[in-house]
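The numbers here are math on the coordinates, done by the rules we state, and not lab data. Remember, it's a predicted structure, so these values are computed and weren't measured experimentally. Note that we place each Cβ from the backbone using ideal geometry, even for glycine, and neighbour counts take in every protein chain shown.
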Amino acid sequence: MKKLSLGAFFLVLIFSPHSLEGRPQVCKPSGKIKGKKPPPGHCVEDDDSVCCINGKYYTTYKCSPPVSENTKAILNLRGFEKGGDGYLPSKCDNKYHSDDTPVVALSTGWYNEGRRCLNNITISANGQSVNAMVVDECDSSMGCDGDHDYLPPCANNVVDASKAVWKALGVPLEDWGELDIAWSDAKSCKSSGKIKGKKPPKDQCNQGNDSECCEQGKYYEIYKCSPKVSARTKAVLTINGFGKGADGGGPSECDGKYHSDDTPIVALSTGWFNKRNRCFKNIIIHGNGKSVTAMVVDQCDSTRGCDKEHDYQPPCPNNIVDASRAVWKALGVPKKDWGEMDIHWSDA
């Protein structure tokens, strides 16, 4: 066997794909800070928060472990409402958030200088998964001062979550506090395929509210997802009839009933309908300089269409809020302009 010289050995080490240079970078501490005793009236200890201990040294980090399709992390419980242990408005939008909505704060490295603000991440644990919106930073680089309510620096592998996240993961209330999880950036919504249109049988396909009937041989995109939900989710508002015999077709999916079009109700595209998880919940719709609160009662199916079950209408686009006439009235849109309008919406 031919021997390598010492110089050649180091060249092999440097350029080998298995050399240290090719390994994932490790997140190392950036320093330490010394704890200070919180002044009277500071440091809220809700959700088992731990206040800084005078004289104790705490490790700080400017980075977090690399993000992958299955990023390991520790899920902590946190309050995002005013007066909760989050203590200040969320960094992304300078607002407080209801703990009944799935929102999170990420360790400094994962927060990435705000680049994940108002984006969704998918959290998996306990055999369940939930999408949650990033609204704040769990600061790993500083702590134990007035700006951080005398709480220690956050660990560099933490997802601080509202109680809505813990509920969605099916964790018993007595076990809330700390849990091993995996998370990833929520995937963008791409088409899941196409279906071929069929000509509706005679007297089928209700064209009320200018509904479109399927065209023979035309291909229609289908989606199992919708764009991510944020505080300002862009969408297209359309008009739908929810009464019996109207262009909505069958009864509403949430309760198997028909509804009066004089009440502010909506159907959402499949991804936003979220397997009925938004049934009977309210959303706030903003358009035409006004806003209205409406209840979700049905799905605007983005996965199927052009069949009897869907009244021979095409699949719904994945960014639709299909609204009763009461919604259009509340937004102050002239009746002649009812039909389609750009809006944004959020969970109430």
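Listed values, structure above:
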read-out: Cβ-derived FRET efficiency at R0 25 Å, ASP147 paired with VAL50, nearest 0.05; value: 0.90
read-out: Value of relative contact order over the chain, rounded to a whole percent, pairs C-alpha under 8 Å and six or more apart; value: 15 percent
read-out: Residue with peak Gaussian network fluctuation, the chain [Cα springs, cutoff 10 Å], from ALA267, ALA326, ALA161; value: ALA326
read-out: Helical mean residue ellipticity (222 nm; -39500 (n - 2.57) per DSSP H run of 4+; nearest 500) of the chain; value: -2000 deg cm²/dmol
read-out: Cα centre as origin, Lys/Arg/Asp/Glu Cβ charges: the chain dipole, Debye; value: 1180 debye
read-out: Dipole axis of region 26-185 (+1 Lys, Arg; -1 Asp, Glu on Cβ), positive-most option in SER49, ALA161, LEU151; value: LEU151
read-out: DSSP bridge pairs, region 255-348: antiparallel proportion in percent, nearest 5; value: 70 percent
read-out: Per-residue Cβ neighbour rank within 10 angstrom, fewest leading, LYS72, LYS91; value: LYS72, LYS91
read-out: Inter-part distance where region 160-186 and region 267-325 are each reduced to a Cα centre, Å; value: 28 Å
read-out: DSSP beta bridge pairing in the chain, given as percent antiparallel to the nearest 5; value: 70 percent
read-out: Cβ-based exposure ranking for GLU253, GLU340, in which fewest neighbours within 10 Å come first; value: GLU340, GLU253
read-out: Cβ-based exposure ranking for ASP261, ASP149, ASP307, in which fewest neighbours within 10 Å come first; value: ASP307, ASP149, ASP261
read-out: Helix 6-15 vs. the chain, principal-axis angle (Cα, 0 to 90°, nearest 10); value: 30 degrees
read-out: Cα centroid of region 209-242 to Cα centroid of region 68-131, whole Å; value: 29 Å
